[in-house]
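The values are calculated or read from the model by the stated rules, or taken from the named source; none is laboratory data. For clarity, every value in this text was computed on a predicted model and none was experimentally measured. Every residue, glycine as well, gets a Cβ built from its backbone with ideal geometry; the counts of neighbours run over all protein chains shown. The accessibility values were calculated without ligands, DNA or RNA, using every heavy atom of the protein model including side chains. Shrake-Rupley method; radii C 1.70, N 1.55, O 1.52, S 1.80 Å.
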Amino acid sequence: MSEIILTGVRPTGPLHIGHLSGALQANVDIQNTGKYDKMYGMIADAQGLTDNFDNPAKIHDNVLQVALDMLAIGYDPTRTTMFLQSAVAELTELTFYYMNLVTVARLQRNPTVKTEISQKEKFNTGIPVGFMTYPISQAADITAFNANVIPVGNDQLPMIEQTVEIVHKFNSIYGQTLVTPRAIIPTSGVAARLPGTDGNAKMSKSLGNCIYLKDSSDEIAAKVKTMFTDPNHIRVEDPGNTTENPVFMYLSVFAKPEHFAAFMPEYANYTELATHYERGGLGDVKVKRFLNAVLQETLRPIRERREMFERDPGAVMEILKNGTIDARNVAADTVKRVKTAMKLNFFD
Ligand code: TRP
């Protein structure tokens, strides 16, 4: 079966280890299998503006940062079409037509949009239409490229669900035109977002609780040292909680058997370590030292690749530019088919 994969990320800040565990590493793993017909890596700058319309510099500056992060973790422009959402005008055109197929009530029910609204103070006085309708533009992102496989974290499932509804409605009214996508959830990491270093459920730049892919070795060490753990685990002998403990949540995602062999040979794997902590008798300092070693090993090669690409930002922008030309061609073809289906092909 033909597989076309689309991945997307908003450039609202440098990428952190939560992105890595969420979908990014899985995307690169898929890319490297080569078992698909085409893969796209979209930087969703236009979507990023839907809740940052008042801060254009933020989105602008983070486009290059996110492109660097993507290249650093192994996005390979010879295999994956990396492109910029705002430079594909066809996406807004599709969005406008799809808006007819979605009710206001349906948008209001989207659980991810609901959560985001409740978390954003600046929406207290009103919700911009652009933000409210971003799930529709996401359907345009997906269908424009005939993508049928979308690797996402859990929080993005409602978007794919809504895209499927739009596709079915479009095809049933205007005739078979659009491809139905399905979400795949990465199995390597946690599908849900990693908590922040402070224990907050969300890792976010504004909370200052992120470990970034570009962090220096010293920054990683300092952040791990001050991480929140189980507040009731006071003495080493005390039984500890591993489930709401970010140190253990990070370890459960990033600690591989080779890390145990190299840095903590007393334990064969995560389960053994976690069981000991829960039983009591394992101190936080020791566990944090291990987490630091694991993160240093995981992030060092990423940081080194990033530094290599950082030396030539012009070349990185050139990669995006070339990818965007390719993406536009495909999206233009979809718009043509969509308009024909909708009987809007007057000048063909
Ligand atoms: N909403 C996604 C995020 O917040 C980014 C995104 C935009 C996306 N368009 C997409 C993801 C299409 C997958 C497919 O990270």
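For a quick protection proxy, order the peptides 107-117, 46-56 by their average other-Cβ count within 10 Å, most packed first. Walk me through the intermediate numbers first.
Details: 107-117: 15.2, 46-56: 18.5.
Top to bottom by mean Cβ count within 10 Å: 46-56, 107-117.
Can you tell me the length gained on complete extension of the stretch Asp238 to Arg109, counting 0.36 nm per residue apart and subtracting the Cα distance?
42.0 nm
For the stretch 31-74, what class follows from the C-alpha gyration tensor (a ≥ b ≥ c being the square roots of its eigenvalues): rounded when a/c is under 1.5, otherwise prolate if a/b is larger than b/c, else oblate?
Oblate, because a/c is 1.5 or more while a/b does not exceed b/c.
Please compute the modelled spin-label separation between Arg279 and Lys122, points set 7 Å along Cα→Cβ, answer in nm with one decimal.
Taking the simple label geometry, Lys122 and Arg279 are separated by 5.1 nm.
Roll a 1.4 Å probe over the protein heavy atoms and report the accessible area of Lys321 in Å², nearest 10.
120
Lys and Arg at +1, Asp and Glu at -1: add these up for the other residues within a Cβ distance under 14 Å of Val102 and post the number.
+1
Dipole of the stretch 195-348 (Lys/Arg Cβ +1, Asp/Glu Cβ -1, origin at the Cα centre): which of Thr229, Ile319, Val253 lies farthest to the positive side?
Ile319
In deg cm²/dmol, rounded to 500, what helix-only [θ] at 222 nm does the chain give when every DSSP H run of at least 4 residues adds -39500 (n - 2.57) and the total is split over its residues?
Computed ellipticity for the chain at 222 nm equals -16000 deg cm²/dmol.
Give, as a single signed number, the net charge of other residues whose beta carbon lies under 15 Å from the beta carbon of Thr243, with Lys and Arg counted +1 and Asp and Glu -1. It would help to have the intermediate numbers written out before the result.
Details: positive: Arg279; negative: Asp230, Glu244, Glu278.
Surrounding charge for Thr243 is -2.
Which entries of Lys205/Lys256; Lys114/Lys286; Lys114/Lys169; Lys169/Lys336; Lys120/Lys336; Lys120/Lys286 have Cα-Cα distances beyond 30 Å here?
Going by Cα-Cα distance, Lys114/Lys286; Lys120/Lys336; Lys120/Lys286 fall outside the 30 Å limit.
For the stretch 47-161, with all protein chains present and a 1.4 Å probe, just round the carbon and sulfur fraction of the accessible area to a whole percent.
Values: 2660 of 4670 Å².
So the carbon and sulfur contribution to the accessible surface is 57 percent.
In the chain, if the dipole is taken from +1 on Lys/Arg beta carbons and -1 on Asp/Glu beta carbons about the Cα centre, which of Asn154, Ile17, Phe346 is farthest to the positive end?
It is Phe346, whose Cα lies furthest towards the positive end.
Just the accessible area per residue of the chain, please: how many Å² with a 1.4 Å probe? Can you show the working numbers first?
Values: 16220 Å² over 348 residues.
Value for the chain: 47 Å² per residue.
Specify which residue in the list Tyr277, Ile302, Met264 is farthest towards the positive end of the charge dipole of the stretch 263-305, using unit charges on the beta carbon of Lys, Arg (+1) and Asp, Glu (-1), about the Cα centre.
Among Tyr277, Ile302, Met264, the one farthest towards the positive end of the dipole of the stretch 263-305 is Ile302.
Can you sort Asp218, Asp333, Asp238, Asp37 by solvent-accessible area, 1.4 Å probe, largest first?
The ranking, largest first, comes out as Asp218, Asp37, Asp333, Asp238.
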